[in-house]
Amino acid sequence: MYHYTALVTVLALMLFFYMAVRVAQARARFGVKAPAVTGNADFERTYRVQVNTLEWLPIFLPALWLFAIYVSDVIAALIGLVWIAGRAMYMVSYAKAAEKRGLGFGVQALAALALLVGSLIAIVWRLLHG
């Protein structure tokens, strides 16, 4: 069973849900009516955080689960928590100013890369040494 990875998956989805709520709140606060996604810089940054996270979820979630299956549930979950922390840092810093988003982006990108590369190595290893 992969309880830790499952928990981290739920936490990542909860963070994404929170980002969606923030976008809805920003629409109301800044008067940006759907389907518009431009018109107010503060809204646009909030929106981009959610969309960028959506762009990363198809990379992160399969890599997280493959790592858990082929390497370790606990290590996958720990790296997943780093990814979530990076996304949260990205969200907070990008909301303040676009140029401040780099550190959070870098943290989550490195975590995703670790999951991807670790999964690939473990899968190839098992294929070769099965």
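In table form, for the structure just shown:
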{"read-out": "Subset of region 1-20 (residues that are among the small types (Gly, Ala, Ser) and either exposed (fewer than 13 other Cβ atoms within 10 Å of the Cβ) or without any contact (Cβ under 8 Å) to a residue 40 or more places away in the chain (or both))", "value": "6, 20"}
{"read-out": "Residue within region 94-106 that is out of contact with any helix residue (DSSP H, G or I) (no Cβ under 6 Å at 6 or more places or on another chain), in a helix (DSSP H, G or I), under 18 Å from residue 61 (Cβ atoms) and modelled with pLDDT of 95 or more present", "value": "no"}
{"read-out": "Selection status of residue 114, closer than 30 Å to residue 130 by Cα, in a helix (DSSP H, G or I) and among the small types (Gly, Ala, Ser)", "value": "yes"}
{"read-out": "Matching residues in region 1-58 - criterion: being within 20 Å of residue 96 (Cβ to Cβ) and of a type in the set (Ser, Thr, Tyr)", "value": "18, 38, 46, 47, 53"}
{"read-out": "Residues that are touching a residue at least 12 places away in the same chain (Cβ under 8 Å) and either part of a helix (DSSP H, G or I) or buried (at least 24 other Cβ atoms within 10 Å of the Cβ) (or both), drawn from region 60-71", "value": "60, 61, 63, 64, 65, 66, 67, 68, 69, 70"}
{"read-out": "Residue within region 30-53 that is part of a helix (DSSP H, G or I), hydrophobic (A, V, I, L, M, F, W, C), under 30 Å from residue 129 (Cα atoms) and modelled with pLDDT of 95 or more present", "value": "no"}
{"read-out": "Which listed residue, of 74, 82, 23, 51, is free of Cβ contacts under 8 Å to residues at least 24 places away in the same chain and either closer than 30 Å to residue 125 by Cβ or more than 10 Å from the chain's Cα centre (by Cα) (or both)", "value": "51"}
{"read-out": "Matching residues, region 23-43, being crowded, with 16+ Cβ neighbours inside 10 Å and within 22 Å of residue 89 (Cβ to Cβ)", "value": "23, 26, 43"}
{"read-out": "Residue check for residue 57: surrounded by 13 or more Cβ atoms within 10 Å (Cβ to Cβ), part of a helix (DSSP H, G or I), in contact (Cβ under 8 Å) with a residue 40 or more places away in the chain and not small (Gly, Ala, Ser)", "value": "yes"}
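The values are calculated or read from the model by the stated rules, or taken from the named source; none is laboratory data. Values in this document were obtained by computation on a predicted structure and should not be read as measured data. With ideal geometry, Cβ positions are generated from the backbone for all residues, glycine too; neighbour counts draw on all protein chains shown.
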